[in-house]
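Remarks on the structure that follows.
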Amino acid sequence: MREIVFDTETTGVFAQHAELQLRDRIVEIGCVEIVNLERTGREFHVYINPERSVPDEVVRVHGLTRDFLLQHARFAEVVESFLDFVGDAPLVAHNASFDQGFINAELERCGLPLPAAERFVDTLAIARKRFPGASCSLDALAKRFQLDRYGFDLASRKGAGGHGALVDARILAEVYLQLQGGREQKLAFDMDDIAGASSAEQGPIRFNARAPRPAPLPSRLTAEEEEAHAAFIATLGDEALWLKTGG
């Protein structure tokens with residue numbers, strides 16, 4: 001099954017502010033393609049000129065300044081490439097309603113149809129059901145699943161500018177796999193693929209019989225050890241299981 005794990009960075013949290021000039025915009029999109037929960041290596045990543053200012057407190061989160069973003073294309077100029085990449089696949093995001101709101105707002109500005117709500121998969125909701133009462137932020141889940149074992153630099157995310165849409169999407173792809181059962185679930189997908197192959201492709205299972213030994217291996221017990229063992233068995237009485245099994 002093909003899915004797109006994605007994340008956005010924005011100028012703030014108000015995609016639909018009452019005042020038009022105060023509406024926040026997307027500044028970065030990162031997408032990771034997965035098939036049967038495994039990353040394929042195909043990714044989509046763009047920085048976007050938001051056509052407005054970027055507050056300092058937001059820059060401290062993702063490190064993207066207005067001067068930097070002015071060098072990049074507007075959303076309307078990259079939307080076709082974005083939509084081509086995601087296709088009709090389910091869209092997986094952490095706190096998906098946030099990213100969904102911003103994607104929808106940008107598509108509306110372009111006069112384009114919005115993705116169906118049921119296409120969005122919220123890993124935050126999945127995590128809260130699995131770990132009720134525990135912190136389910138992306139950082140907390142990355143730590144819980146020990147993603148540093150897979151080469152993710154979790155420590156760098158704590159500093160200024162430590163968040164980015166593409167790196168967060170990569171982390172989320174691994175978190176999503178773990179939430180769905182981890183590597184064991186991936187193995188189940190693989191076994192399903194094998195089971196689905198035709199019997200002609202698989203062929204009969206053959207076991208190669210080993211030739212018997214020309215002579216049995218000699219016992220490695222010494223005479224003293226055999227006598228000690230027999231003496232111990234004698235202490236167990238006539239009902240000892242050892243005697244009933246012929247040992």
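No lab work stands behind these numbers, since they all come straight from the coordinates. Worth saying up front: this structure is predicted, and the values here are computed from it rather than measured. Neighbour counts are summed over all protein chains in view; Cβ atoms, including those assigned to glycine, are modelled from backbone coordinates with ideal geometry.
Placing R0 at 22 angstrom, the Cβ-Cβ distance between Glu38 and Arg130 gives a FRET efficiency of 0.65 after rounding to 0.05. Restriction of the GluC sites (Glu not before Pro) in the stretch 1-60 to DSSP coil positions whose beta-carbon has at most 15 other beta-carbons within 10 angstrom yields Glu19, Glu51. All C-alpha to C-alpha distances of the stretch 50-125, sorted into 10 Å bins beginning at zero, yield P(r) values of 16, 42, 36, 7 percent in whole numbers. Applied to the stretch 13-21, the Karplus parametrisation 6.51 cos²θ - 1.76 cosθ + 1.60 on θ = phi - 60° returns per-residue 3J(HN,Hα) values of 10, 9, 5, 10, 5, 4, 8, 3, 6 Hz, with x for Gly and Pro. Calculated translational diffusion coefficient of the stretch 2-193 (4 °C, 1.567 mPa s; Stokes-Einstein with Kirkwood radius over alpha-carbon pairs) equals 75 µm²/s.
3J(HN,Hα) along the stretch 48-64: 10, 6, x, 6, 6, 6, 10, x, 4, 5, 7, 4, 5, 7, 10, x, 9 Hz, from the Karplus curve 6.51 cos²θ - 1.76 cosθ + 1.60 with θ = phi - 60°, whole Hz, x for Gly and Pro.
Tally the DSSP beta bridges in the stretch 20-133 and give the antiparallel ones as a percent, rounded to 5. Close to 70 percent.
Under 5 Å from the amide H of Val121 lie the amide H atoms of Leu91, Val92, Ala93, each residue being 5 or more positions distant or on a separate chain, with H modelled from the backbone and absent for Pro and chain starts.
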